[in-house]
Amino acid sequence: MQIYFDGKIPEQPHQYFVYGAGGTGKTSLLNLFKGKKFLFSFDMSTNVVRGREDTDVAVLEESDAPQVQQLVLQTIIQAVESKKYKVICLDNMSALQNLVLENIDGRSKDGRQNYQKLQLWFRQLGMYLRNSEVTVLATAHQIDNGGSLGNGRFSPDMNDKTFNAFTSMFDFVGRIYKKDGSRWIDCDPEQGNQGKNRIDDRTLIHAEDLLEVKEEKKVEEK
């Protein structure tokens, strides 16, 4: 346990979780970040970073599925400990969750225990990333729950408890979508969808402005 006295807590890099439909530009958000980046792709959607010398890419293959937990943790730890990267992107947590669950499923007669193991693994991953001193971007697909917009219609395509276990330490959760030719990210929890913004006071953001922190919140936190 680490104890900080008199509020002297070191500043940590931010962690972003963005979910949305296919084709909304989730992966391409990585190009907004500065510095050397590491992209871990769980669905092989790597075209948007092709040719970018500032980005290294790891692609999970079908043969990796039986040992996906070990491979993912080992690769992320190596990336962090190399001190080479400013940003780590985990692209398509929906796909990763399904692969991990496939490995865990059936190991216990009680299906609830399988989901508890799933949630624990993702919580441990989230905690490691929180303490990595590296900026993190994670993406996921969305589920359309029906109903009307602004009434909790959309959610990440993940088990709710697994999603909460993973993102509890994240600074930002938002849904990306396209409207009138522009890309927007909604992080307003009052809209009913999954969303939060601990970085500043914005609730609806142009995707291209995701990293432009509002000065008012920065002043409040000093």
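Below are the figures for this structure:
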quantity: Gained length - LEU120 relative to ALA58, 0.36 nm times residue gap less alpha-carbon distance; calculated: 19.9 nm
quantity: Gain on full stretching of the segment that runs from LEU211 to MET127 - 0.36 nm per residue minus C-alpha separation; calculated: 28.0 nm
quantity: Förster radius 22 Å - calculated FRET efficiency between ILE143 and LEU204, Cβ distance, rounded to 0.05; calculated: 0.60
quantity: Theoretical ellipticity at 222 nm over the chain - DSSP helices of four or more residues, -39500 (n - 2.57) apiece, nearest 500; calculated: -8500 deg cm²/dmol
quantity: Residue among SER155, SER28, SER132 with the largest mean-square fluctuation in a Gaussian network model of the chain, springs linking Cα atoms under 10 Å; calculated: SER28
quantity: Cβ charges +1 (Lys, Arg) and -1 (Asp, Glu), total dipole of the chain, debye; calculated: 260
quantity: 3J(HN,Hα) from dihedral phi, the stretch 180-194, Karplus parametrisation 6.51/-1.76/1.60, rounded to Hz, x for glycine, proline; calculated: 6, x, 10, 9, 10, 10, 9, 10, 8, x, 6, 6, x, 7, 5
quantity: Two-decimal ratio, the stretch 6-108, of alpha-carbon radius of gyration to 2.2 N^0.38 Å; calculated: 1.20
quantity: Order of exposure, largest accessible area first, which applies to VAL57, VAL213 with probe 1.4 Å; calculated: VAL57, VAL213
quantity: Calculated from backbone phi, Karplus (6.51, -1.76, 1.60) coupling profile of the stretch 45-57 in Hz, x at Gly/Pro; calculated: 8, 10, 4, 6, 10, 4, x, 8, 6, 8, 10, 9, 10
quantity: DSSP beta bridges in the chain [antiparallel fraction, %, rounded to 5]; calculated: 35
quantity: Estimated FRET transfer efficiency when R0 is 25 angstrom, pair MET169-LYS86 (beta carbons, to 0.05); calculated: 0.85
quantity: Karplus 3J(HN,Hα) series, Hz, for the stretch 196-203 with 6.51 cos²θ - 1.76 cosθ + 1.60 (x for Gly, Pro); calculated: 6, 9, 8, 8, 8, 9, 6, 10
quantity: 5 angstrom amide H check on THR55, placed H, neighbours 5+ away; calculated: LYS37
quantity: GNM result for the chain, Cα springs below 10 Å: residue of LYS86, LYS26, LYS179 fluctuating most strongly; calculated: LYS179
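The values are calculated or read from the model by the stated rules, or taken from the named source; none is laboratory data. As the structure is a computational prediction, the values presented were derived from the model and not from experiment. With ideal geometry, Cβ positions are generated from the backbone for all residues, glycine too; neighbour counts draw on all protein chains shown. Protein only, heavy atoms only, side chains kept; ligands, DNA and RNA dropped before computing areas. Shrake-Rupley method; radii C 1.70, N 1.55, O 1.52, S 1.80 Å.
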